[in-house]
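The values are calculated or read from the model by the stated rules, or taken from the named source; none is laboratory data. Here the structure is a predicted model, which is why all the values come from computation and not from measurement. Ideal geometry is used to build each Cβ from the backbone, glycine not excepted, and the neighbour counts take in all protein chains shown. The area values use the complete protein model at the heavy-atom level, side chains included, leaving out ligands, DNA and RNA. Shrake-Rupley method; radii C 1.70, N 1.55, O 1.52, S 1.80 Å.
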Amino acid sequence: DLTPAVAVHYDQALSLLSHAGVDLVELPSWRDEAPVIDALFSRLVAGELRKSLGEARLTDGMDLLDPVVQRRVEGAQGLDSASMLRLEKELERLRMKAAARIRGLDGILSPTSSMQSPPLSEIQDTDTAVRYVAEALRLSRVTNVQDYCAVTLPLPCEAGVLPIGLQIAAGADQYSRLLAIARAAEKVL
């Protein structure tokens, strides 16, 4: 579900990498897991923030938070310890599945976001901003939930085209390897 500009630039990046000798392998989609990942991410991140700040501090400082963050934090209101534990167990299940998915691979490529940033003038209210942020983070959310480490590289674009990124993800804690891969990919791109 990529916008046309993102799809074109992503395909061009894959072509350049392939011509440079990168062996590209198509992986099964995790589209079926997307609803679970979305629900897990939104509840767990907000729940962790509520837990780390504490309810009293969060309530006292809520007006200091960005309105989009406020909305996200409100999504975990009333999330008790038992619910957090269930979410953490589901997170662990997804991470084990993700570790198996990447086994034997150097990394996973994807667009960083399915779309480019819209002009600020198109984001008139908090509801629109919340929808934009949810869509903009959709692909990197999968990486975060599945415990991959990742980096994004800007793709070459024509003048006047808003930035488009290539996300490269590697297994958990593979930071040095990931940065070496990113450096090599950056030279090709």
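Some points to look at:
- From the options I108, I123, residue that is touching a strand residue (DSSP E or B) at 6+ places or on another chain (Cβ under 9 Å) and among the aliphatic types (A, V, I, L, M): I108
- First in region 16-28 and on the phi > 0 side of the Ramachandran plot and aromatic (F, W, Y), second anywhere and at pLDDT below 95 and exposed (fewer than 12 other Cβ atoms within 10 Å of the Cβ), Cβ under 9 Å, 6 or more apart: none
- Test: residue in region 46-57 that is part of a helix (DSSP H, G or I), in contact (Cβ under 8 Å) with a residue 40 or more places away in the chain and among the charged types (D, E, K, R): no
Residue by residue, here is whether (1) more than 24 Å from D1 (Cα to Cα); (2) of a type in the set (G, A, S); (3) in contact (Cβ under 8 Å) with a residue 40 or more places away in the chain holds:
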{"site": "R93", "(1), (2), (3)": "yes, no, no"}
{"site": "A99", "(1), (2), (3)": "yes, yes, yes"}
{"site": "L109", "(1), (2), (3)": "no, no, yes"}
{"site": "L120", "(1), (2), (3)": "no, no, no"}
{"site": "A129", "(1), (2), (3)": "no, yes, yes"}
{"site": "Y132", "(1), (2), (3)": "no, no, no"}
{"site": "T143", "(1), (2), (3)": "no, no, no"}
{"site": "D147", "(1), (2), (3)": "no, no, yes"}
{"site": "A184", "(1), (2), (3)": "yes, yes, no"}
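- Checked against (1) more than 21 Å from S42 (Cβ to Cβ); (2) loosely packed, with under 11 Cβ neighbours inside 10 Å, S81 passes all but condition (1).
- For region 157-175, filtering for residues that are under 18 Å from S15 (Cα atoms) and exposed (fewer than 11 other Cβ atoms within 10 Å of the Cβ) leaves 1.
- L178 falls short on exactly one of the conditions (1) in contact (Cβ under 8 Å) with a residue 60 or more places away in the chain; (2) closer than 20 Å to L17 by Cβ; (3) open to solvent by less than 20 Å² (accessible area, probe 1.4 Å); (4) in contact with a Leu (Cβ under 9 Å, 6 or more places away or on another chain), and that condition is (4).
Residues checked against (1) open to solvent by 30 Å² or more (accessible area, probe 1.4 Å); (2) among the aliphatic types (A, V, I, L, M); (3) over 13 Å from L166 (Cβ atoms):
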| residue | (1), (2), (3) |
| --- | --- |
| L2 | yes, yes, no |
| Q12 | yes, no, no |
| A20 | yes, yes, yes |
| D23 | yes, no, yes |
| L27 | yes, yes, yes |
| W30 | yes, no, yes |
| E33 | no, no, yes |
| F41 | yes, no, yes |
| K51 | yes, no, yes |
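- Selected residue (only one of S18, S29 is under 25 Å from Y148 (Cα atoms) and in a helix (DSSP H, G or I)): S18
- Pair list, Cβ < 7 Å and 6+ apart or interchain, from region 69-83 residues that are within 15 Å of T59 (Cα to Cα) to residues that are open to solvent by 30 Å² or more (accessible area, probe 1.4 Å) and polar (S, T, N, Q): R71/T126; R72/S42; G75/S42
- Each residue in region 118-153 was checked for being open to solvent by 50 Å² or more (accessible area, probe 1.4 Å) and more than 15 Å from the chain's Cα centre (by Cα), and 7 of them qualify.
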